[in-house]
Structure formats: structure tokens, C-alpha cells
Amino acid sequence: MKRILPFANDLLEKAVKPGDIAVDATIGNGYDTVFLAGLVGENGRVYGFDVQEEAIASSKKRLTQQGLSERVTIFHGGHENLSTLIPADDHGKITGAIFNLGYLPGSDKTIVTRPETTIAATKQLLEMMAPEGIIILVIYHGHKGGVEERDSLLGYCQQIDQHTAHVLQYQFINQQNHPAFIIAIEKI
Ligand SMILES: C[S@@+](CC[C@H](N)C(=O)[O-])C[C@H]1O[C@@H](n2cnc3c(N)ncnc32)[C@H](O)[C@@H]1O
């Protein structure tokens, strides 16, 4: 069985094609940004968001090293502002988006994603996705505030109209120590 992160990458790979627009809502150290930049190719674009200067610097360095900077626009700002930050011309064209929730590994563990802003960003994205576009939420819930974010997100996602999106939960249910899981939202 596919583990959580390879499964997330598979979903993105199926949804995002060369020339597409994609979003990394929590760039952190830039691993997902690099992955998405590979999928959109030289004619596509990735919009990335993070609130921490450290994350922006680390991701920019990684993208430059891999020759991918030209196809990525990074915003030093919260993903809750993504509908105003992403140019209007690209609304409706986004085929893949990912949120890796929680804190930046190896950094300040008090700077975490929060339920209100994660849900606000997810709602905006759902409006802005192309049909069949996929939003992936990788949910970590072992840290302070993680359980509240998990439960708020599950509550929000479970009530999304089934005519608006297909919503999947992918989770190993016998693992110890708060294993991460995925919610994937495919716009109809
Ligand atoms: C788990 S890390 C992301 C890991 C990343 N995907 C990677 O490949 O390294 C979560 C990130 O979300 C960022 N973050 C927290 N609140 C945010 C917000 N409102 N908007 C955008 N990013 C936020 C944190 O600064 C942190 O870097």
C-alpha cells in the first residue's frame, strides 16, 4: 500500500500536467514546490506561500539549485490571502494544490498552520480550481493545536456538497503516535 506522501504525490501527478497552474500553500523547505515545479514544466507556474522568512529563503535556494526558479512565484504571506495574491487570469486554471500542515521541521514549533486560515484558504482554492483539480491536505496532529486543526478540517470537509467535490480521507488506522493522514478534495 502506498504510504501517505507517495500517495499524495501520485494524486498530484495525475492531476497536474505540463503548462498547468499549481499551488504549494505551505512551502516550508520547498520539497513539494520542487515536485510541483517539475510537473507544471517550463510553461506552467507554481504559486507558493509561507509566513516564515526562513522557509522562503530555504525554498528559493532549493529551486535555484535545481534550475526551477523561473516557473515559481513565491509569496511571503499567508495562504488565507491566496485569492487576492494569485493573478485573476490564473483563477479557474489551478489543477493541483497541496497543504502540508503543522510546523516547519527543525524550526520554531510555535509557528504552525491554524484551522481558521487553513479553512479560509481551502475555500478560496475550491472556487479557483479547474474542474477535476485536486487539493491535498496532509494533516499532522501530534503537535500543540494539531488536534483542533484536524477536527475543524474534518468538520469542514465532511460538509462540502457532494455535487461540488469528491472528498477522500486516506489514513492508516493502526499506527501509533498520531500518524499523518490525507484529505483530498477533487473539484467536480
Ligand atoms: C509542515 S511545514 C511545510 C513543509 C513543506 N511542504 C516542505 O516540503 O518542506 C508547514 C509550513 O506552513 C507554514 N505556514 C504556517 N501558517 C501559514 C499560513 N497561514 N500561510 C502559509 N504558510 C503557513 C509554516 O511557516 C511552515 O513552513
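The values are calculated or read from the model by the stated rules, or taken from the named source; none is laboratory data. Only a predicted model underlies this, so the values are computations on that prediction, with no experimental measurement involved. Heads up, the Cβs are rebuilt from the backbone with ideal geometry, glycines too, and the neighbour counts pull from every protein chain shown. Quick note on the areas: whole protein, heavy atoms, side chains included, nothing else; ligands and nucleic acids left out. Shrake-Rupley method; radii C 1.70, N 1.55, O 1.52, S 1.80 Å.
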Could you please give the count of residues in the range 13-36 that are away from the ligand (no atom under 12 Å from the Cβ) and either surrounded by 23 or more Cβ atoms within 10 Å (Cβ to Cβ) or closer than 16 Å to Ile139 by Cα (or both)?
-> 4
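For the range 106-118, which residues satisfy the criterion of being more than 8 Å from the ligand (Cβ to nearest atom) and outside any helix (DSSP H, G or I)?
Matches in the range 106-118: Gly106, Asp108, Lys109, Thr110.
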Taking the stated definitions as given, is Gln162 assigned to a strand (DSSP E or B) and open to solvent by 60 Å² or more (accessible area, probe 1.4 Å)?
-> no
Might you check whether a residue that is open to solvent by 60 Å² or more (accessible area, probe 1.4 Å) and aliphatic (A, V, I, L, M) occurs anywhere in the range 60-76?
-> no
Looking only at the range 92-105, decide whether some residue is among the β-branched types (Val, Ile, Thr) and away from the ligand (no atom under 11 Å from the Cβ).
-> yes
State whether the residues of the range 119-142 include one that is more than 17 Å from the chain's Cα centre (by Cα), more than 11 Å from the ligand (Cβ to nearest atom), open to solvent by less than 80 Å² (accessible area, probe 1.4 Å) and not basic (Lys, Arg).
-> yes
